[in-house]
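Nothing in this text is a laboratory measurement; each read-out follows from the coordinates by a stated rule. These figures come from a predicted structure and were not determined experimentally. In this analysis, Cβ positions are derived from the backbone assuming ideal geometry, glycine residues included, and neighbour counts consider all displayed protein chains.
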Amino acid sequence: MGKYFGTDGFRGEANITLTADHAYRIGRFLGWYFTDKAQRKCKVVIGKDTRRSSYMFEYALVAGLTASGADAYLLHVTTTPSVSYVTRTEDFDCGIMISASHNPFYDNGIKLLNSNGEKMEEETLLKVEDYLDGITGEVPYAEKENIGTTVDYAAGRNRYVGYLISLATRSYAGKKVGLDCANGSAWTIAKSVFDALGAKTYVINNEPNGLNINTDCGSTHIEGLQKYVVENGLDVGFAFDGDADRCLCVDEKGNLVDGDAIMYIYGRYLKERGKLLGNKVVTTVMSNFGLYKAFDALGIEYEKTAVGDKYVYENMIQNGYRIGGEQSGHIIFKKYATTGDGILTAIKMMEVMLEKKAALSELTAPFKVFPQVLENIRVVDKNAVQQDKEIQAHVADIAAELGEDGRILVRESGTEPLIRVMVEAGELDDCRKYVKRVIDLIKQKGYEQK
């Protein structure tokens, strides 16, 4: 990771650690860089989520891009995967998504995509960072007819909606489906897709006001959808995050079906049909022990990457695997997308339910989750915590105590000043006990951010 760009873009609190000037200068550099690289006026497509600052960053990016000679195409409020889709299918040099994903409204982020709709290469990101820091000097302004233009490109978003609809294998007629749009990007898209496929669609948290994105709703607060599904007798529920690249599910009984369970369901579905390429599913180190035991029982193999859908996708591309993802709900279906896509994930879960004529609770029944506790602590220096010898020794002692019946993982967030402490064990009380021991030590050593 670089100085500004983490595993999921340049993210920070709006106008504090990520400012309008940052956005303008990112636009200035990208407009010049891709125009110079292609030796023609470059095309950049931009999407944004519903947080108030997204409009500010959009206008700043557009000013920078057009000042450097690029043409900026605006999808307006849309999802991250839609920007990826439009970028790779409509000959754009670069895609930009303005979103801080599942973070609170006062945060925001700038995600850069290459012409294939994939996360931008590290080499290019480092060049952007050098420009932000003044290392590479100023880039020239475009003049006269070379100044860029801005294009309203809502049509691109509509084509993405059509693409999603085309992926369904059966009608959803007779199915009662709940959607939690997190007051975010999915609010203009998800219901349109499910209505078009014939579902009786029930939607909550689809009234964004710029300040309520992810607030007590969406994939980070699944309890609202769980209650809603049960109270309304729905067949299934799907919850998205702020930019809709994540999806968590709720079965007809109100139980959570997380990213691990989704990978289990679809991995098994592909294997049964002889379509699980390489006989492998790509997971991250955060996936539950139970997932690996369930895969072992099915004879399905697996990879474990660092946390971040970026690393999952890289592994899939290198080895030709078809499905991978994270427990948090970032699921990548490589045949259909180059990034996690929450609405696509919901469509794929509907496919398995309809093709197998089974309720979601039946599909997850063989998958037994190990008790797991994950706690985050906000710290002043993530690297210092990770390199602290006493903390390392303490974690090693806990790992030895857990043995083969559990595990401990202490890692830093790629997008926030957080250390994440996760323990899995046979008993929930043991998980809590070991997590508390590590968190208490971090606090005692003065690393906690007050």
Query raised in the report: With θ set to phi - 60° and the Karplus curve 6.51 cos²θ - 1.76 cosθ + 1.60, what are the ³J(HN,Hα) couplings of the stretch 99-105 in order, to the nearest whole Hz, using x for Gly and Pro?
Result: 5, 10, 6, 8, 5, x, 4
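Return the FRET efficiency for the residue pair Glu355, Asn158: r is the Cβ-Cβ distance, R0 is 35 Å, and the value is rounded to the nearest 0.05.
Once the sixth-power term is evaluated, E becomes 0.80.
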Report summary line: Under the rule rounded for a/c under 1.5, else prolate if a/b exceeds b/c, else oblate, using alpha carbon gyration tensor axes a ≥ b ≥ c, the chain is classed as oblate
**Report entry** Student exercise, the chain dipole from Lys, Arg, Asp, Glu Cβ charges, in Debye to nearest 20
**Finding:** 920 debye
Query raised in the report: Quick one: Arg51, Arg25, Arg437, fewest Cβ neighbours within 10 Å first, how do they rank?
Result: Arg437, Arg25, Arg51
Query - Modelled FRET efficiency - R0 45 Å, Gln39 with Thr215, Cβ distances, 0.05 increments - result: 0.45
Query raised in the report: Taking neighbour counts of Cβ atoms within 10 Å as a proxy for exposure, in what order, fewest first, do Ser192, Ser84, Ser185 appear?
Result: Ser192, Ser84, Ser185
Query - Virtual paramagnetic centre 7 Å along Cα→Cβ of Val230, amide N under 18 Å, in the stretch 323-361 - result: 360-361
Query - Inter-site label distance for Asn255 and Glu145 at 7 Å from Cα along Cβ, in nm - result: 6.6 nm
Report task. Quick one: which residues, 5 or more positions from Val139 or on another chain, have an amide H under 5 Å from its amide H? H modelled 1.01 Å from N in the peptide plane, none for Pro or chain starts. Result -> none
Query raised in the report: Cα atoms only, the stretch 372-444: Rg and Dmax in Å?
Result: 11.6, 33
Requested in this report: Place +1 on the Cβ of every Lys and Arg and -1 on the Cβ of every Asp and Glu in the stretch 300-450, take the dipole about the Cα centre, and give the residue among Asn315, Leu441, Ala396 whose Cα lies farthest towards its positive end.
Outcome: Asn315
Query - the chain: antiparallel DSSP beta bridges as a percent of all, rounded to 5 - result: 55 percent
Query raised in the report: What is the fewest-to-most order of Cys247, Cys94, Cys217 by other Cβ atoms lying within 10 Å of their Cβ?
Result: Cys94, Cys217, Cys247
**Report entry** Enclosed volume per residue, in Å³, of the convex hull spanned by Cα atoms of the stretch 167-364
**Finding:** 107 Å³
Report summary line: Taking the square root of 5λ for each eigenvalue of the C-alpha gyration tensor of the stretch 82-201, the equivalent ellipsoid has semi-axes, largest first and in whole angstrom, of 36, 18, 13
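What Kirkwood radius, in Å to one decimal, follows from the Cα pairs of the stretch 5-155?
14.9 Å
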Requested in this report: Step through the residues of the stretch 275-280 one at a time and calculate ³J(HN,Hα) from phi using the Karplus curve (6.51 cos²θ - 1.76 cosθ + 1.60, θ = phi - 60°), rounding each to whole Hz and writing x for Gly and Pro.
Outcome: 10, 8, 4, x, 6, 9
Query raised in the report: If you project the alpha carbons of the stretch 29-102 onto their three principal axes, what span does each projection cover, largest first, in Å?
Result: 37, 25, 16
Query - Paramagnetic reach from Ala384 in the stretch 422-450 [backbone N under 11 Å; point 7 Å along Cα→Cβ] - result: 445-449
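Counting only GluC sites (Glu not before Pro) that are in a DSSP loop and have at most 12 other C-beta atoms within 10 Å, tell me the longest site-free stretch of the chain.
Counting only loop sites that pass the neighbour cut-off, the longest clear stretch is 144-426.
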Report task. Over 27 Å between C-alpha atoms is what I'm after, so list which of Lys200/Lys227; Lys227/Lys275; Lys200/Lys280; Lys119/Lys443 land there. Result -> Lys227/Lys275; Lys200/Lys280; Lys119/Lys443
Query raised in the report: So what is the calculated 222 nm ellipticity per residue for the chain, using -39500 (n - 2.57) for each DSSP H run with n of 4 or more, over all residues, to the nearest 500 deg cm²/dmol?
Result: -12000 deg cm²/dmol
Report task. Positive end of the charge dipole of the chain (Lys, Arg +1 and Asp, Glu -1 on Cβ, about the Cα centre): tell me which of Val423, Val373, Met353 has its Cα farthest that way. Result -> Met353
